[in-house]
Amino acid sequence: MTSQESLPVAVIGAGPVGLAAAANLLERGLEPLVFEAGPAVGATIRQWGHVRVFSTWKYNLDPASVRLLERHGWEAPRPTALPYGSQIVSEYLEPLAATPELKDRIRTGSRVVAVTRQGMDKGRSQGRDSAPFLLRIGHDGGQVTEVLARAVIDTSGTWSSPAPLGSSGLAVPGEAEARAAGLVTGPLPDVSAGGFAGRRTLVIGSGHSAANMVLDLARVARANPGTEVLWAIRAATPARAYGGGDADQLPARGQLGARLRTAVESGAVRLLTSFHTASIDVRGDALTVHAADGRSVSVDRVIPATGFRPDLAMLSELLLDLDPAVEAPKALGPLIDPDFHSCGTVPAHGARILEQPEKDFYLAGMKSYGRAPTFLMATGYEQVRSIAAALAGDTAAADAVELELPETGVCSTSVPDDAGDAAADACCSAPMPVPVTIGFATGLQHGRSSEPADV
């Protein structure tokens, strides 16, 4: 057995919250070691790099990470600008990962496939807290290694585990075949890149990710005759997707809802309400989507915007206490229930709320919210600041969590480039900070809303 004090703190995931965790650990004199499954930092954000976020740069940056960057001459982007996902990567995450302090502490192409305790399975309790963690890592090229750690912070997110199309929480017949054939796309595809012009596309979901896709497809349709856009939601009305319009605290989000309503009312988008997907028939390069009430539509592509859920398989040998519905840490579950909380009404929380029966293991970032759609990037930054303080033994700092959020926190926008600066300036005149939501809407079961929310 190895002494824990000499070991690093393992961070799973090199997105904004994972790198923020590393920066905060360094400030606390702890040694971070970051594992990223993708080929580069920010691998998930790169997949939606064409999407512009609602929140300005001022609220997308982790304070500890900024302090680290500024020591090396980094200049922050204009604080009132609304960045694209690709800019978050190129102007923030890549420079952060390249700092001398972090560049040798990040392992890309390294997927954590299991976390356990050295020499112990889940059923053994005696001496468990004093045993180091053992992480099994699968590397690009097929090599498998094992690494020991004194603590583990899992910020791996939920992007790799999209929710199925079935409203009962299960994949519908034919869905796996359609996904394998590429006829059901991944989340948030860049529809302007090709493959959608002149075709008939169905978007399923009612959150902001769905709204973005519907409006992006409508733009493609205007420039390419023969392109058709269908939008299916489980609700009986699209009122939730339309949002507050001019009354929205975030002008960019208000514009999104207003433009979505116009697209539907003008006939540019065909809306299907109360549509519960029951099955999919694949026929060559097209497919027919059947609803539970007997309706069916034939389309060329389906874009799923039904949310995400956490992949907990790699944690099966750890002692976890999770909310049975949202699969978040049990103490956090009631605080983020979307039936009662929007992004801005979730209270600030840190290590004490996130701690697990498995001592020194923490879920953080989008992964900590499980199936709930209310996660904000700024919330993740405060989580890992508190966790780093707790691991360093500074209980007072770990418990002193502070975060002020607006009730209208959202994350992405299809506002055209020429409207971005005006929206950003208006956004920043609000009395409260406007953090960005990173992570995407989740379809909830167990009596909660099954409609995705903010993306």
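A few points about this structure:
- In this structure, the pairs whose alpha-carbon distance is over 18 Å, taken from Lys58/Lys367; Lys330/Lys367; Lys58/Lys103, are Lys58/Lys367; Lys58/Lys103.
- Cα shape, segment 152-195, gyration tensor, a/c 1.5 rule: oblate
- Computed from the alpha carbon atoms alone, the convex hull of segment 161-282 holds 120 Å³ per residue.
- Dipole magnitude of segment 101-210, debye to nearest 20 (Cβ charges: Lys/Arg +1, Asp/Glu -1, about Cα centre): 180 debye
- Accessible-area order (highest first, 1.4 angstrom probe) of the listed residues Met314, Met213: Met314, Met213
- Scalar couplings 3J(HN,Hα) for segment 374-386, obtained by applying the Karplus form with A = 6.51, B = -1.76, C = 1.60 to θ = phi - 60°, are 9, 6, 10, 4, 4, 4, x, 4, 5, 4, 6, 4, 5 Hz; x denotes Gly and Pro.
- Overall form of segment 7-117 per C-alpha gyration tensor (a/c, 1.5; a/b vs b/c): oblate
- Summed over the residues of segment 298-383 and divided among them, the accessible surface reaches 29 Å² per residue at a probe radius of 1.4 Å.
- Computed with a 1.4 Å probe on the full set of protein chains, the accessible area for His139 sits at about 50 Å².
- Rounded to the nearest 10 Å², the accessible area of Glu70 at probe 1.4 Å: 110 Å²
The values are calculated or read from the model by the stated rules, or taken from the named source; none is laboratory data. Predicted model only: the values in this text are computed from it and were never measured. Cβ sites come from the backbone with ideal geometry, for glycine too, and all protein chains shown count toward neighbours. Ligands, DNA and RNA are excluded from the accessible area calculation, which covers all protein heavy atoms including side chains. Shrake-Rupley method; radii C 1.70, N 1.55, O 1.52, S 1.80 Å.
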